[in-house]
Amino acid sequence: MHAELIADTKFEWGAMLFPLNRLGAIGFSVTSLSHEDMEIRTIEEPEGTGEFFSAGDLSLGLSYAINLTDRFSIGFNGKYVRSQIFNESASAIGFDVGTLFITSFNGLRIGATIINFGQKMKLKGRDLVILVDPAPDKLGSNDRIVSEFQTGSFDLPLAFRAGIAMDVFNVNSNRLTISLEAFTPSDNAESVNAGMEYVFSDFASIRFGYNSLFKAESEEGFTGGGGLNLNLMDGSSVHLDYAYSDFGRLKNVTRFSVSIEF
């Protein structure tokens, strides 16, 4: 998946999933958030020094999920997370867990996830190493003592999601699904997301939704999109999807994704 986010940031995500029959399934994923190089500006040179720096985040994940019954499943994800800006970086190991329960009422699904259990992150790098004189007023003091700025540690943003989805009708390969999700992050206010999807003949789909309901001062709002499901001659299939999100004064975000099943 590729997404053009706000402030010229780009988001990429890729994953592979391998079924293990009755033993469940295992997956691998890569998530990347990047930004175009930015010019270094200082108090002395606010128009730029002529140098540039980069910033970005990377996550590598290993996932496992299994059906405990014909209606209840659980999954786990371990990941390595790295955040970098200029010559400094921070890294940590994190964990996610999720569950899904499928009821017998109109395909009603109930799901929940908790993400980003893990270590604290702390920036380190060569720009934090400096030379100081601990006693400049003392005769014979050494002005080349190697020291390091002490940076604070910070947590991965813990978040909890719980949601439901139900098929309003599912007849002759035509399906209308509605969903509702509650989102509680540790670094922001709670919100609710709502959406619906209509699938025509298991071939084309159209989707509408709204993000961050009941969240004060949010720029998010209407979302929409659609997709195509292409069945190939060898039994494999290709899914093409597009999504649009309104971000108010921050304009909009578009997402493109391609999925292949074989």
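Rounded to 0.05, the FRET efficiency of the residue 208 and residue 25 pair, given R0 = 25 Å and the Cβ-Cβ distance, is 0.25.
Distance between the modelled labels on residue 54 and residue 239, one decimal in nanometres: 3.2 nm (7 Å Cα→Cβ projection). Is any residue of the stretch 146-165 close enough, with backbone N under 20 Å, to a label point placed 7 angstrom from the Cα of residue 132 along the Cα-Cβ axis, and if so, which? So the set is 146-153. When the Cα atoms of the stretch 108-212 are aligned to their principal axes, the ranges along those axes come out at 90, 25, 21 Å in descending order. Normalising the average separation of contacting C-alpha pairs (under 8 angstrom, six or more residues apart) by the number of residues puts the relative contact order of the chain at 11 percent.
Here the stretch 156-181 is scanned for amide nitrogen atoms under 14 Å from the site 7 Å beyond the Cα of residue 198 along Cα-to-Cβ, giving 168-171, 174-178. Taking 166, 196, 38 as the candidate residues, the one with maximal mean-square fluctuation in a Gaussian network model of the chain, Cα springs under 10 Å, is 38. Tell me, how many Å apart are the Cα centres for the stretch 202-262 and for the stretch 43-95? About 23 Å separates the Cα centre of the stretch 202-262 from the one of the stretch 43-95. Checking every one of the trypsin sites (Lys or Arg not before Pro) in the stretch 166-257 against DSSP loop status and a limit of 16 other Cβ atoms within 10 Å picks out 215, 251.
Considering every alpha-carbon pair of the chain, the percent of pairs per 5 Å bin, from zero through the bin containing the longest distance, is 1, 5, 8, 10, 15, 17, 13, 9, 6, 4, 4, 3, 2, 1, 1, 0, 0, 0, 0.
A Förster radius of 22 Å combined with the Cβ-Cβ distance from residue 74 to residue 155 puts the calculated FRET efficiency at roughly 0.35.
For the stretch 186-262, GluC sites (Glu not before Pro) meeting the loop criterion (DSSP other than H, G, I, E, B) and having at most 11 other Cβ atoms within 10 Å: 217.
Values quoted throughout were computed directly from the atomic coordinates according to the rules given, and no laboratory measurement underlies them. In this text the structure is predicted, and so the values were computed from the model without any measurement. Every residue, glycine as well, gets a Cβ built from its backbone with ideal geometry; the counts of neighbours run over all protein chains shown.
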